[in-house]
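A.B. asks: Here it is, the structure in full.
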Amino acid sequence: MTMTTGAQLGPYEILSQLGAGGMGEVYRARDTRLNREVAVKVLPASFANDEDRLRRFEQEARATSALNHPNILTVYDIGTHEGAPYIVAELLEGEELREQMNHGAIASRKAIEYATQIASGLAAAHAKAIVHRDLKPENIFLTADGRVKILDFGLAKLRPQSRALASGSDVQTQKALTDPGVVMGTVGYMSPEQVRGHEADHRADIFSFGVILYEMLSGQRAFQGESLAETMTAIVKEEPPDLIEINSKVPPQLDRIVRRCIEKKPERRFQSTSDLGFALEASSLSSGSNQTLSLKALPEGGTEKAGVVFFKRERWLWLAVSLLLAIAALVSTLLYARQPSPEAQVARFPINLPTGTNTAAISAPVLALSPDGRRLVFNASDAAGKSQLWLRPLDSFATQPLSGTDGAAYPFWSPDGRHIAFFADNKLKKLDVGSGVIETIYQPGAGQGGDWNQQGVILFSEGEGTGLSRVNMAGGKPEAVTELDAAHGETNHNFPSFLPDGKHYLFHIRGGDNPGIYVGSLDARDRKLLIPLSKDGANATRAVWSPQGYILYALNRTTLLARAFDPDRLELQGEPF
């Protein structure tokens, strides 16, 4: 059904046609309710004539819209117009991956970047039991701002299985079925089990992913023939040439990843897209990435939080120490190291900084794990020196910039993980992670660390030359909690960290006669020295509590230590290790 400019599909006004294919026509349209431009895909009227097919289409569209992942096309709405179903989705500016691949092989670093984002989108969908089944370069879109979007997620499942090869997914595929000598479209990216007509699960997507990555790196199809039958035979029985033979610049480990993806038997491939993503990230590290976040995943049965260490090559080691804000539960790893168990396995994998970002212009790079250990927030700056916060779900491979956090420093989480507090523009602010709304809590100054307890009290440092203050999470006038002992030369109280009762807290005193890690209370001005530190500040550190009964802190910016601590008696026990 061809729509004319100005036509209305419910609240959507057609502006122009963007494209057409065997699976429908795509238009640029305006949502008159929200005054935003969207993409509307009008599907063939035959969908409406098949009740089962239409029902599955609606189910799949709803499931896909629920994914809400940065690497999957966002579906806003579905409906019907004159008997033809349509999908309303976000409008993308950029080009299909196919357009770049038409120019030959893609550089390994760029290919890994694309592949990592594709794997991230697939992992999110597979976690919801949604399988694409028609992954190919035409269904992967590269936006103008460098993001990768997977298109038509789930639509391949709508085709009747007996007609899957005959119907195809676009005009190119249909032509390939009738014109000898034309390189296959969709068929060239099918898994062996799909070609045989067997049931396909998420590992079919992993096979298709491997075929696409092979083509990105080599500049040629992994499986191709002069006819449909020859291409299908190659997928089932033949192995493509080694990548290194075609492109000597491809790292060997990347060749191994591709080989594992395109194994003929599903059980020999990566068994999850998450594992595939980890392998890609490790490959990107060895391919020359100069900055990484390194994360150690705890074995099953460990604490709720994961431990994190952040470092930049050829940079001050104090950056690793600053990350003690985020590593309250790393003690689990230490405990396993101290009392090794044959069942304990510690996994290590890198997290790359977003493309084009660094920490060189940031005076205080800090990252923080959410209370459930599933999300990571950190600050980084782009080439122009603009810094902001970035959010990385640990079950994803995509790092998302957090709008409105320009110049943010010292982020920390609310106990329920719904908000991220940070300092920016001489204000203490909080970001609602779900809605993106940012509110100002207080205007204290530069700020130097904070923490948030279950009762809604935020304890924070107002920066150099100040003690600690408290304020309600909803805002209001702060109250002083500690005072500098100027007579003894104290220069700063900073980096507060609550103990389990939400009343007592650890904090760091700099300068003076007795610098070190102290414990204090919201109910009194008394303080108690726990761990002395050097007067020159060389081993200044943030201390945090681990639920296993330890305080974690660093020594001389190089060594992470744990020391047993009784939070009821506020006493250290034993020696540090």
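A.B. asks: Multiplying the sequence separation of Arg569 and Lys386 by 0.36 nm and subtracting their Cα-Cα distance, what value in nm do you get?
C.D. replies: Here the segment from Arg569 to Lys386 would lengthen by 61.3 nm.
A.B. asks: What's the carbon and sulfur percent of the range 373-525's accessible surface, probe 1.4 angstrom, rounded to a whole number?
C.D. replies: Here carbon and sulfur together make up 44 percent of the probe-accessible area.
A.B. asks: Output wanted: per-residue J couplings in Hz (rounded whole) for the range 119-132, from phi through Karplus 6.51 cos²θ - 1.76 cosθ + 1.60, θ = phi - 60°, x for Gly and Pro.
C.D. replies: 3J(HN,Hα) across the range 119-132, in whole Hz: 4, 4, x, 4, 4, 5, 5, 4, 5, 9, 6, 10, 10, 6.
A.B. asks: If you don't mind, another one. What FRET efficiency, computed as 1/(1 + (r/R0)^6) with R0 = 41 Å and r the Cβ-Cβ distance, is obtained for Ala282 and Lys237, rounded to the nearest 0.05?
C.D. replies: E(calc), rounded to 0.05, equals 0.85.
A.B. asks: Hey, which of these cross-link pairs are over 23 Å Cα-Cα: Lys110/Lys249; Lys136/Lys265; Lys477/Lys503; Lys149/Lys429; Lys386/Lys429?
C.D. replies: Violating the 23 Å limit, Cα to Cα: Lys149/Lys429.
A.B. asks: Kindly sort Asp77, Asp275 by accessible area of their heavy atoms, largest first, with the probe set to 1.4 Å.
C.D. replies: So, going from the largest accessible area down, we get Asp275, Asp77.
A.B. asks: If you don't mind, there's one more thing I want to ask. How do the peptides 217-224, 527-534 rank, highest first, by the average count of neighbouring beta carbon atoms within 10 Å per residue?
C.D. replies: Packing order, densest peptide first, comes out as 217-224, 527-534.
The values are calculated or read from the model by the stated rules, or taken from the named source; none is laboratory data. Keep in mind the model is a prediction, meaning the values are calculated, not measured. Positions of Cβ are generated from backbone atoms using ideal geometry, with glycine treated the same way; all protein chains shown enter the neighbour counts. When the accessible area is computed, the model is the full protein with side chains, heavy atoms only, and any ligands, DNA or RNA have been set aside. Shrake-Rupley method; radii C 1.70, N 1.55, O 1.52, S 1.80 Å.
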